[in-house]
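Structure, as structure tokens:
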Amino acid sequence: MLKSINSLFNIIGGILNILTESIYWSKDCIINRDKIYFQILNIGSNTIPVAALISLFIGGVLALQTGPQLAAFGIEENIGGIVGLSMVKELGPVMAAILVAGRIGSAMTAEISSMTVYEEVDALKTMDINPVKYLVMPRFIAVILVMPILVVFMDVVGWFGGAAVSSANQDIHVAYSIYFKNLKELVDFIAVLNGMIKSVFFGILIITICGYVGLSTKGGPREIGTSVTKAVVLCFVSILISDYFITRFLFLIGLD
Amino acid sequence: METNRQHRKLDNNNIISYLSGKPVSIVVSNISKSFGSNQVLRNLTLEVNSSETLVILGKSGSGKSVLLKHIIGLISPDTGSIYINGDNVTQQFDRAKHKVAMVFQSSALLNSITVKENVALYLKEHRIISDEQKLSSLVSSCLSIVDLEGKEDIMPSNLSGGMKKRVAVARALMMNPDLILFDEPTAGLDPMMVGNIAELINGLKQNVKVTQIVVTHNVNLASKIADRIAILYNGKILSIGTFDEMRLSTEPEIRQFFDSSLN
Ligand SMILES: Nc1ncnc2c1ncn2[C@@H]1O[C@H](COP(=O)(O)OP(=O)(O)OP(=O)(O)O)[C@@H](O)[C@H]1O
Ligand SMILES: [Mg+2]
């Protein structure tokens with residue numbers, strides 16, 4: 001028990017350490033813009049297709065779940081706002097984070113932990129090249145830039161998924177124009193910003209967790225797989241737990 | 001053939017004139033290191049003079065790589081200290097002040113970038129040479145020293161083990177180091193290439209006066225390059241001396257390295 005609490009604090013300390021180092025090395029982001037640019041393209045191209053697919057269906061299922069209930073009370077014209085807000089404030093950022101953790105975080109952990117196991121990280125150290133600066137910082141900057149864009153993209157696709165289901169489903173039967181009119185009334189820029197801030201927070205969480213787990217891998221090639229699993233689980237759990245607290249926080253400062 | 005050789009000489013000079021390391025001395029004082037219950041180094045003490053080429057011999061698993069990683073600051077000892085030119089580097093290793101390069105036993109090339117990018121990595125990351133053209137020509141001449149001209153754009157995963165080793169040597173040279181640690185530089189190389197590496201190490205000794213520590217199982221290489229030979233046995237330096245002193249020793253732990261190499 002005491003041991004596992006101790007190791008939990010070790011992990012948190014290690015992640016915070018990677019975070020501060022990433023922030024520190026961000027001072028070199030201009031001269032490393034090639035690497036950052038590469039990571040932006042990498043994150044974008046690996047997530048956009050899946051992001052489009054899942055957010056289309058998330059929007060659809062949101063409408064499918066809530067639409068008939070609203071229709072039972074005769075207030076189905078409010079469906080646009082409900083789907084729109086759920087997407088923007090909750091499902092967009094959380095699903096984007098889950099997707100980035102699964103696609104980008106896992107690959108990043110695999111790459112960095114294999115570099116650690118095969119002494120490539122040691123080689124970097126002997127060349128006086130900071131591993132966090134070389135391996136983590138470009139992804140750190142890239143994820144900060146990409147997450148808000150990815151989230152807005154998923155929001156919009158999700159809205160259309162909801163709209164399609166709302167108009168096509170016989171139990172709901174709300175036309176596109178009514179759906180989007182209601183959505184426009186309820187979803188303001190603050191709500192979208194709320195989701196964007198969340199997503200940036202999640203992105204930072206993912207990159208620092210995966211960087212930490214990758215760089216602290218010990219042992220042989222077998223541990224690479226263990227590290228990837230560990231990093232992804234750690235990302236999922238911390239995304240969902242921190243989501244509650246960041247929602248509270250954004251509520252408290254009036255960004256809701 | 002003749003022009004080819006001339007070309008090689010020219011490149012050699014190009015690199016040699018690029019290198020300017022100030023030779024350093026090393027003192028390893030009473031270090032011990034255990035991994036769990038496995039004690040690898042036991043109160044090991046070793047002094048390396050500046051500009052010296054020291055060869056370390058030892059059985060597989062005796063802790064040679066662990067010792068090198070202590071000297072370059074990748075592993076900290078449980079007890080004891082390490083000094084480079086009198087500076088205690090045990091806790092804090094100032095890599096800008098003491099430029100120590102290492103050729104890893106595993107080569108440790110970065111697998112996601114090309115041979116050229118590996119060799120140029122140090123100069124590029126530290127912005128020592130920003131002129132692309134100059135960098136390219138330096139990398140090319142460094143690669144030709146290790147007989148890898150024209151391999152710039154190959155990925156490390158497409159190289160043989162011996163080729164990777166030679167890229168690792170080229171990458172180490174590019175740091176313009178004061179001290180080079182070679183961990184089995186000739187493992188997997190043919191006798192011709194072993195001769196070339198020996199020539200390179202001797203060239204570095206004569207022209208650049210850089211301090212070198214070479215871990216090897218190859219007694220033939222040791223005979224060509226060593227100023228002194230240290231025998232690592234049971235976590236300690238059992239004996240240290242010139243090649244002939246070691247070769248003529250009657251101690252069985254020392255004899256085994258020389259006898260086995262004869263058959
Ligand atoms: N990171 C590590 N964690 C645990 N044990 C280690 C570690 N590195 C080395 N060892 C152990 O230290 C001992 C010495 O290893 P080392 O790699 O230094 O041997 P070596 O003399 O270089 O052998 P070889 O000639 O085969 O390369 C071995 O028993 C090895 O298992
Ligand atoms: Mg070894």
Exercise for the section: Using the Cα centre as the reference, give the magnitude of the dipole from point charges on the C-beta atoms of chain A (Lys, Arg: +1; Asp, Glu: -1; all else neutral), rounded to the nearest 20 debye. Expected result: 420 debye
Exercise for the section: Between beta-carbons, use under 12 Å as the cut-off and find the net charge around B:Ile231, counting Lys and Arg +1, Asp and Glu -1. Expected result: +3
Completion exercise
segment B:219-243 and segment B:122-189 have their Cα centres apart by a whole-number Å value of 27 Å
Exercise for the section: Please name whichever of B:Phe93, B:Val28, B:Ser160 sits farthest to the positive end of the charge dipole of chain B, dipole taken about the Cα centre and charges placed at Cβ: Lys and Arg +1, Asp and Glu -1. Expected result: B:Phe93
Practice task
Could you grab the relative contact order for chain B? Cα pairs under 8 Å, six or more apart, rounded to a whole percent.
Solution key: 27 percent
Completion exercise
Rounded to a whole number, the Stokes-Einstein D of chain B in µm²/s (Kirkwood radius over Cα pairs; 20 °C; 1.002 mPa s) is 113 µm²/s
Exercise for the section: Just subtract the alpha-carbon distance of B:Asn111 and B:Phe35 from 0.36 nm times their residue separation and send over the number in nm, one decimal. Expected result: 24.5 nm
Practice task
Please report the base-10 log of the normalised intensity I(q)/I(0) for the protein assembly as shown, using a Debye sum with one equal scatterer per alpha carbon and no solvent, at each q in 0.11 (1/Å).
Solution key: -0.96
Fill in the blank from the handout: Counting only residues 5 or more apart in sequence or on a different chain, those whose built amide H sits under 5 Å from that of B:Leu238 are B:Ile231, B:Leu232, B:Tyr233
Completion exercise
Of B:Leu221, A:Leu193, A:Leu16, ordered by accessible area with the largest first and a 1.4 Å probe, the sequence is A:Leu16, A:Leu193, B:Leu221
Practice task
For segment A:47-252, list log₁₀ I(q)/I(0) at each q in 0.19 Å⁻¹, using the Debye formula over Cα point scatterers of equal strength and ignoring solvent, two decimals each.
Solution key: -1.18
Problem - Cβ-defined net charge surrounding A:Asp28, 11 Å radius [Lys, Arg +1; Asp, Glu -1] - result: +4
Handout entry: Label-to-label distance, nm, for residues given as A:Phe251 and A:Ser45 (7 Å Cα→Cβ offset)
Key = 4.2 nm
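Quote the relative contact order of segment B:16-133 in percent (integer), defining contacts as alpha-carbon pairs under 8 Å separated by 6+ residues.
23 percent
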Problem - With DNA, RNA and ligands ignored, accessible area of B:His126 (1.4 Å probe; Å², nearest 10) - result: 60 Å²
Fill in the blank from the handout: In Å, the Kirkwood hydrodynamic radius from C-alpha pairs for segment B:219-263 sits at 10.7 Å
Fill in the blank from the handout: Distance in Å, no decimals, from the C-alpha centre of segment A:221-256 to the one of segment A:1-32 is 14 Å
Exercise for the section: Determine how large the accessible area of A:Phe236 is when every protein chain is in place; take a 1.4 Å probe and give Å² rounded to the nearest 10. Expected result: 70 Å²
Fill in the blank from the handout: Along the dipole axis of chain B (charges at Cβ: +1 for Lys and Arg, -1 for Asp and Glu; origin at the Cα centre), the most positive-end residue among B:Ser107, B:Val219, B:Phe258 is B:Ser107
Exercise for the section: Considering Cα pairs under 8 angstrom that are at least six residues apart, work out the relative contact order of chain A and quote it in whole percent. Expected result: 33 percent
Practice task
Just need log10 I(q)/I(0) for segment A:1-130 at q = 0.10 Å⁻¹, Debye formula, equal scatterers on the alpha-carbon atoms, no solvent, rounded to two decimals.
Solution key: -0.58
Practice task
Summarise the accessible area of segment A:47-252 (1.4 Å probe, protein heavy atoms) by the percent that is carbon and sulfur.
Solution key: 71 percent
Handout entry: Solvent-accessible heavy-atom area per residue, rounded to whole Å², over the protein assembly as shown at 1.4 Å
Key = 46 Å²
Exercise for the section: Mind checking which lysines have their Cα closer than 18 Å to the Cα of B:Lys209? Skip sequence neighbours fewer than 8 apart in that chain. Expected result: B:Lys22, B:Lys97, B:Lys99, B:Lys224
Handout entry: Dipole magnitude of segment B:90-190 about its Cα centre (Cβ charges: Lys, Arg +1; Asp, Glu -1), debye to nearest 20
Key = 220 debye
Completion exercise
Result for interface chain A to chain B, accessible surface buried in total, 1.4 Å probe, Å² to 100, stands at 1700 Å²
Fill in the blank from the handout: In deg cm²/dmol, rounded to the nearest 500, the helical mean residue ellipticity at 222 nm of chain A, built from -39500 (n - 2.57) for every DSSP H run of length 4 or more, is -27000 deg cm²/dmol
Fill in the blank from the handout: In the neighbourhood of A:Leu145 defined by beta carbon distances under 12 Å, the net charge of the other residues (Lys, Arg +1; Asp, Glu -1) is +2
Exercise for the section: Take the alpha-carbon centre of segment A:74-135, take the same for segment B:79-100, and report the distance between them in whole Å. Expected result: 38 Å
Problem - Magnitude of the charge dipole, chain B, Cβ model with Lys/Arg +1 and Asp/Glu -1, debye to 20 - result: 240 debye
Practice task
Give me the percent of DSSP beta bridges within the protein assembly as shown that run antiparallel, rounded to the nearest 5.
Solution key: 55 percent
Problem - Charge-dipole axis of segment A:47-252 as Lys and Arg at +1 and Asp and Glu at -1 on Cβ define it, positive-most pick from A:Val213, A:Phe251, A:Ala123 - result: A:Ala123
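The values are calculated or read from the model by the stated rules, or taken from the named source; none is laboratory data. All of these numbers come straight from a predicted model, not from anything done at the bench. A quick note on method: Cβ atoms are made from the backbone with ideal geometry, for glycine too, and the neighbour counts reach across all protein chains shown. Just the protein is used for accessible areas: all its heavy atoms, side chains included, with ligands, DNA and RNA removed. Shrake-Rupley method; radii C 1.70, N 1.55, O 1.52, S 1.80 Å.
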